[in-house]
Amino acid sequence: MYRILRKRHLNDLITWMEIEAPLAAGSTKAGQFAILRLDEFGERFPLTICGYDRAERTITIVFQHAGKSTKMLSLMEEGDYISDVVGPLGNPSKLDGLKCVALVGGGVGCADTYPIALELHESGAEVDMYAGFRNKDIVILEDEMRAVSTNLYITTDDGSYAEKGFITDKLKVVLESGRKYDRIITIGPAIMMKYVAETTKPFGIKTVAALNSIMVDGTGMCGGCRVTVGGEIKFTCVNGPEFDAHLVDWDELLLRTGFYRDKEEEEAENICRLKGGVRSCH
Ligand SMILES: Cc1cc2nc3c(=O)[nH]c(=O)nc-3n(C[C@H](O)[C@H](O)[C@H](O)COP(=O)(O)OP(=O)(O)OC[C@H]3O[C@@H](n4cnc5c(N)ncnc54)[C@H](O)[C@@H]3O)c2cc1C
Ligand code: FES
């Protein structure tokens, strides 16, 4: 059992939690994730390990209230216990030797870019962070990102905070101005990562995307997280989560992640009803 030590709602949609998880805390590296199960009846779902404290034996997660499990987790309190936290899973980000990197996050994915930024920043690399949000109400971790970046660019789709537009528009402008990166890493909604890949391709910069495929077992056995990369079948949980963004079959990924949407929406509605109304869930 894994105790929730600290919890903070970053906004109505996104929650930050620090969890006692000695095994994961002892060996996690940037880019890895954990699979959680809230209780014996719960489904297993993956979340990136956004931070860890080896001395305190804790990990940090930041999650969007996307559906049933994440909404239930957001309702748990400090002192409550999570049944399973299995990790670290997946391969760490390959950051050795990188000197100038762009990290492009979308929404809650910005929290997932943070441990990568921190590691690069501590190694002396230049780190430009691009953070895209739908509107000002869901901007998260601005101070934390600023502290580990050389340049921080924030956009909101509706212009309610910082620059108006998609984060890929900003990335394109900076690339066109002549800024050179030896790697671009993107984490966020699949549709955003697809457009990041399209934006960077003409500039010939190696671009890596951390894929958010549907996962079940996290061990390469169930096939749930199958993706096609460069015409080959890969499993995000064991071969990823990071892949060459210019080789990912984005349309297949988009199709597969939406496969259970009707069922997921129905389950999430049930949680909202249990909580006493849809408004309190968002
Ligand atoms: C490697 C990895 C790391 C992730 N890290 C984060 C993170 O740090 N923060 C965060 O908010 N989200 C993260 N996600 C997405 C997160 O796993 C889903 O939001 C979560 O599983 C939703 O479950 P639910 O029951 O709340 O919602 P559901 O209603 O079940 O699903 C809502 C949406 O979440 C996605 N999803 C559902 N089940 C899974 C699953 N088993 N595996 C992956 N995606 C699923 C689908 O796109 C679905 O449409 C990550 C996904 C992957 C693969
Ligand atoms: S989650 Fe089952 S194979 Fe990857």
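With both bridge residues required to lie in the chain, what share of the DSSP beta bridges run antiparallel, to the nearest 5%? In the chain, approximately 60 percent of DSSP beta bridges are antiparallel ones. Using only alpha-carbon positions in region 108-157, the gyration tensor eigenvalues give semi-axes of 20, 10, 8 Å once each is multiplied by 5 and square-rooted (largest first). Normalising the average separation of contacting C-alpha pairs (under 8 angstrom, six or more residues apart) by the number of residues puts the relative contact order of the chain at 16 percent.
For region 100-210, dividing the convex hull volume of the Cα atoms by the residue count gives 85 Å³ per residue. Note: relative contact order over region 100-210, using C-alpha pairs below 8 Å and six or more positions apart, is 29 percent. Of all the options Ala25, Ala197, Ala55, the one that moves most in a Gaussian network model of the chain with Cα springs shorter than 10 angstrom is Ala55. Just so you know, the Cα atoms of the chain work out to an Rg and Dmax of 18.1, 53 Å. Here the Kirkwood formula, the inverse mean of 1/r across different C-alpha pairs, assigns region 2-89 a hydrodynamic radius of 12.7 Å.
Take 203-211, 169-177, 109-117 and order them by the average number of nearby Cβ atoms within 10 Å per residue, most first; the result is 109-117, 203-211, 169-177.
Read the figures in this text as sums done on the coordinates, not as results from a lab. Fair warning: this is a prediction, and the values are worked out from it, not measured in the lab. Because the Cβ atoms are built from the backbone with ideal geometry, glycine has one as well, and the counts that use them run over all protein chains shown.
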